[in-house]
1. Could you list all residues from region 276-292 that are buried (at least 22 other Cβ atoms within 10 Å of the Cβ) and either within 21 Å of residue 238 (Cα to Cα) or touching a residue at least 60 places away in the same chain (Cβ under 8 Å) (or both)?
2. If you scan region 256-283, which residues turn out to be closer than 20 Å to residue 120 by Cα and part of a loop (DSSP other than H, G, I, E, B)?
3. Which ones in region 104-122 are touching a strand residue (DSSP E or B) at 6+ places or on another chain (Cβ under 7 Å) and either farther than 21 Å from residue 285 by Cβ or assigned to a strand (DSSP E or B) (or both)?
4. Residues in region 241-275 that are farther than 19 Å from residue 286 by Cα, touching a residue at least 60 places away in the same chain (Cβ under 8 Å) and buried (at least 21 other Cβ atoms within 10 Å of the Cβ): how many?
5. If you check residue 125 against the conditions, is it surrounded by 18 or more Cβ atoms within 10 Å (Cβ to Cβ), out of contact with any helix residue (DSSP H, G or I) (no Cβ under 6 Å at 6 or more places or on another chain) and either touching a residue at least 12 places away in the same chain (Cβ under 8 Å) or within 19 Å of residue 26 (Cα to Cα) (or both)?
6. Where in region 2-102 are the strands (runs of 3 or more DSSP E), entirely inside, with at least 2 residues that are in contact (Cβ under 8 Å) with a residue 60 or more places away in the chain?
7. From the list 248, 240, which residue is under 15 Å from residue 146 (Cα atoms), modelled with pLDDT of 95 or more, touching a strand residue (DSSP E or B) at 6+ places or on another chain (Cβ under 6 Å) and in a helix (DSSP H, G or I)?
8. For region 251-275, which positions are under 21 Å from residue 300 (Cβ atoms) and out of contact with any strand residue (DSSP E or B) (no Cβ under 6 Å at 6 or more places or on another chain)?
């Protein structure tokens with residue numbers, strides 16, 4: 001593994017990590033180099049690290065002593081494209097391991113994932129259960145699920161035959177399908193907004209940011225991960241989370257991963273912090289960054305001060 005760094009500013013450092021299979025991942029770091037805790041933010045499907053911008057900035061104000069790490073998954077954002085067969089959650093778990101080894105080889109780490117990012121976190125925990133309570137000090141799961149994605153919300157569409165036809169078309173004519181995606185993205189923007197944000201009205205600045213992020217994702221990346229979602233099941237990881245502070249957060253109007261997923265996860269984890277934000281949709285980190293940052297700050301405090309947290313729980 002090779003690492004190349006460019007210093008953009010004292011508190012903002014850009015890093016690239018080259019994975020074992022040769023894929024370059026783009027990473028951004030904020031805060032002190034030798035922090036008491038490292039917080040890693042993982043974005044969702046068809047997103048990029050910039051989707052955390054408002055939450056990240058709020059967290060830096062609330063908890064300046066933490067180091068915050070954001071990175072783009074393979075095939076997303078500024079990270080390199082990869083072989084189609086590697087676009088799966090198992091590989092994202094391995095990528096997370098390489099990111100942690102590169103930027104946070106020592107010290108406690110808090111993993112926070114939105115949507116597919118949360119699935120990547122749970123996959124990583126299943127791959128490295130011995131790190132719970134040692135390297136991994138806390139976990140935040142936002143607008144995500146541990147499994148059964150096809151049982152509720154828009155996840156049920158993964159079973160529809162049109163999805164298989166869409167994936168076949170992308171496989172045989174990726175260039176044509178990418179152009180079609182860009183055109184369809186404009187035509188179906190109102191539907192995407194409704195699906196991601198539920199019933200809540202969002203300002204045009206946030207809508208523009210979310211759509212720009214979504215539409216830049218290559219269609220091969222978008223299509224390839226759909227297979228992984230249909231078979232995804234990491235409910236085995238939930239029991240391990242009872243050993244560490246854990247946050248489960250979701251918008252009440254989330255149509256992609258409905259609140260039933262978050263409530264089920266919270267019920268399986270002892271002493272988890274369950275937060276449902278009224279009216280927010282799947283893009284809750286864009287809609288309500290302050291509320292999300294507030295909940296994440298509680299998580300960071302609990303994970304950074306385990307002795308005091310245990311005493312509070314016992315009381």
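The values are calculated or read from the model by the stated rules, or taken from the named source; none is laboratory data. This structure is a prediction, so every number in the text was calculated from the model and none was measured. All Cβ positions, even for glycine, are placed from backbone atoms using ideal geometry, and neighbour counts span all protein chains on display.
1. Those that are buried (at least 22 other Cβ atoms within 10 Å of the Cβ) and either within 21 Å of residue 238 (Cα to Cα) or touching a residue at least 60 places away in the same chain (Cβ under 8 Å) (or both): 280, 281, 282, 283, 284, 285, 286, 287, 292.
2. Those that are closer than 20 Å to residue 120 by Cα and part of a loop (DSSP other than H, G, I, E, B): 256, 257, 258, 269, 272, 282, 283.
3. Result: 104, 107, 108, 109, 110, 111, 112, 113, 114.
4. 6
5. Working: surrounded by 18 or more Cβ atoms within 10 Å (Cβ to Cβ): yes; out of contact with any helix residue (DSSP H, G or I) (no Cβ under 6 Å at 6 or more places or on another chain): no; either touching a residue at least 12 places away in the same chain (Cβ under 8 Å) or within 19 Å of residue 26 (Cα to Cα) (or both): yes.
No.
6. Working: elements: 3-9, 12-18, 24-30, 38-42, 67-71.
Counting at least 2 such residues, we get 12-18, 24-30, 38-42.
7. Working: 248 fails: in a helix (DSSP H, G or I).
Matching residue, one of 248, 240: 240.
8. Across region 251-275, the qualifying residues are 270, 271.
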